[in-house]
Structures are given as C-alpha cells and as structure tokens.
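Worksheet for the structure shown next.
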Amino acid sequence: MLDAIGNFLGIILSFIVNIVNDYAWSIIIFTILVRLCLLPLMVKQIKSNKAMQDIQPKMKEIQEKYKNKPEKQKEELMKLYKDAKINPMAGCLPMFIQLPILMGLFALLRNPVSHGVFPNEAAYHAANHGFLWISSVSQTHNLSLGLLSGISAYFMQKSMATTDESQAQMMKSMTIVMTAMSFWWGYTYEAGLALYWTMSNIFSIAQYYLVTSP
C-alpha cells in the first residue's frame, strides 16, 4: 500500500524534478501543489471550526438544559448543527487524506530512485543540491530542521485553538504532542520530509489567517 502511494507520488515528483532540476525545490513545489489540491477541503475545515466556535454559547445552553437527558441533548445538538450548516466531522477529513500522503512520502524520500523519481543514483545525486544550509535532502539528524518542524507545528496548532473551555485542555495536549512529534520527525528523518512538513505547516498557518481575516 505504502509502496503504491510512494510510486504514485514519485511520478508527480519526477515530473517536477525534470522541470526544476533541483530536488529540494521540487519538494517545496510538490508541497504547494498538494496543499492547493487540498485547499477546498482545508477551507471547509477552517470555516467549520470557526462556525463551531460561534455556536459554543448555544451548545453550552443545550448541554446545561438537557444534562440529565442525553438522548434529547444529542437530538438538539444535531438540530443546531443542521441549522448552522455544520458537519462536526468535516475537520477530520483533511487529516485522513493527508495521512497516506505523508506515509507515502516516508517511503518515497527514503529511496527516490526505487520509486521512479530518478532513473538512477547518478541522476539523484546530480539533482540533490541541498537547500540553504542543508547539504543534502537525504540528510538526517539535523537539529535546525527538527526545531523548524516543531515550531511550525506549534504555531499551526495554536492558530486552530478552540475557545471552547471543554476542549481547551485537549487542544493544549494535542499541541504539545504534535510539536514534540514534529520535532522528532524533523530531526530523525530525511531532510526532504522535514522540508515538506515545515512548508505544509507554514501553508496551513497562512491559509487559516487568510480565510478567517475580515
């Protein structure tokens, strides 16, 4: 399954590499293309989260009014969601779509030649010029990339923080977990994966503020 996803992503990345002739920049362009493809879903997710925040007072009112009648409470909440045109599960879809892409990239970036990005090792090394201070896209254990990956994940999670007191603690815990995991991924795995993850987080932050700005 992962190899199949990696092969499919490899075809797209190979096409970009043949035009750009630089592996690191190809990954950045690839990241932007993926995020643009997911843009309609991400905008829907952001608007759904914002709408959920807007109806928090009504939700609390219903929860308090029917606290001893769980079935009635559920019925009234579903009615509220319907009236507000909100799908409570809309926020999960982009995450589920991105997960196989991320897992496919794990396989792809570990061995780009076997996944068809480059015809051979010589072509791979010829296009792998590095990026800024990064000497190679295949480099691992880069502390600066780990920090960038973790910091970008932290601000991405903070930008989507909820005002609902009942979920605030959960969001805080999720922010800590995602920051720690992103740091570990950025530090441990190939620089190309950290580059994708960091750029994806920055895109998400910019997208959130563009969508929610007046």
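The values are calculated or read from the model by the stated rules, or taken from the named source; none is laboratory data. This one's a predicted model, so the numbers in the text were calculated from it and none came from an experiment. Using ideal geometry, Cβ is built from the backbone for each residue, glycine included, and neighbour counts are taken over all protein chains shown. These area figures cover heavy atoms from the full protein model, side chains too; ligands, DNA and RNA do not enter into them. Shrake-Rupley method; radii C 1.70, N 1.55, O 1.52, S 1.80 Å.
From the square roots a ≥ b ≥ c of the eigenvalues of the alpha-carbon gyration tensor of the stretch 27-91, which class results: rounded (a/c under 1.5), prolate (a/b over b/c), or oblate? Prolate is the answer for the stretch 27-91, as a/c is 1.5 or above and a/b outweighs b/c.
At a Förster distance of 45 Å, what's the computed FRET efficiency of residue 80 paired with residue 3, Cβ-Cβ distance as r, to 0.05? The partial results should precede the final answer.
Details: r = 45 Å, r/R0 = 1.00.
E between residue 80 and residue 3, to the nearest 0.05, is 0.50.
Compared with the dominant principal axis of the Cα atoms in the chain, helix 23-37 is inclined by about 30°.
Please list the non-local residues whose amide H lies under 5 Å from the amide H of residue 137, H modeled 1.01 Å from N, same-chain partners needing a gap of 5 or more. Sorted by chain and number, the residues that satisfy this are 130.
How much length, in nm to one decimal, is gained on full extension between residue 106 and residue 205, taken as 0.36 nm per residue of separation minus their Cα-Cα distance? Before the final figure, lay out each step's value.
Values: separation 99, 0.36 × 99 = 35.64 nm, distance 2.31 nm.
Answer, rounded to one decimal: 33.3 nm.
Dividing the mean sequence gap of close Cα pairs (under 8 Å, 6+ apart) by how many residues the stretch 1-130 holds gives a relative contact order of 49 percent. Taken along the Cα-to-beta-carbon direction at a fixed 7 Å, the label points for residue 47 and residue 64 span 3.1 nm. Taking every protein chain into account, the accessible area of the chain amounts to 57 square angstrom per residue (probe 1.4 Å).
Protection proxy ranking for 188-200, 129-141, 4-16, using the average of other Cβ atoms within 10 Å per residue and placing the highest first: 188-200, 4-16, 129-141. Rounded to the nearest 10 square angstrom, residue 121 shows an accessible area of 90 square angstrom against a 1.4 Å probe. Here the accessible area is traced with a 1.4 Å probe on the protein chains. For the chain, carbon and sulfur cover 66 percent of it.
Note on residue 212 and residue 180: with the Förster distance fixed at 35 Å, the Cβ-Cβ geometry gives a FRET efficiency of about 0.85. According to the square roots a ≥ b ≥ c of the eigenvalues of the Cα gyration tensor, what is the shape class of the stretch 1-139, taking rounded for a/c under 1.5, prolate for a/b larger than b/c otherwise, and oblate for the remainder? Prolate, because a/c is 1.5 or more and a/b exceeds b/c.
Against the main long axis of the alpha-carbon atoms of the chain, helix 191-212 sits at an angle near 40°. Ordered by solvent-accessible area of protein heavy atoms (1.4 Å probe), largest first, the residues 113, 17 come out as 113, 17.
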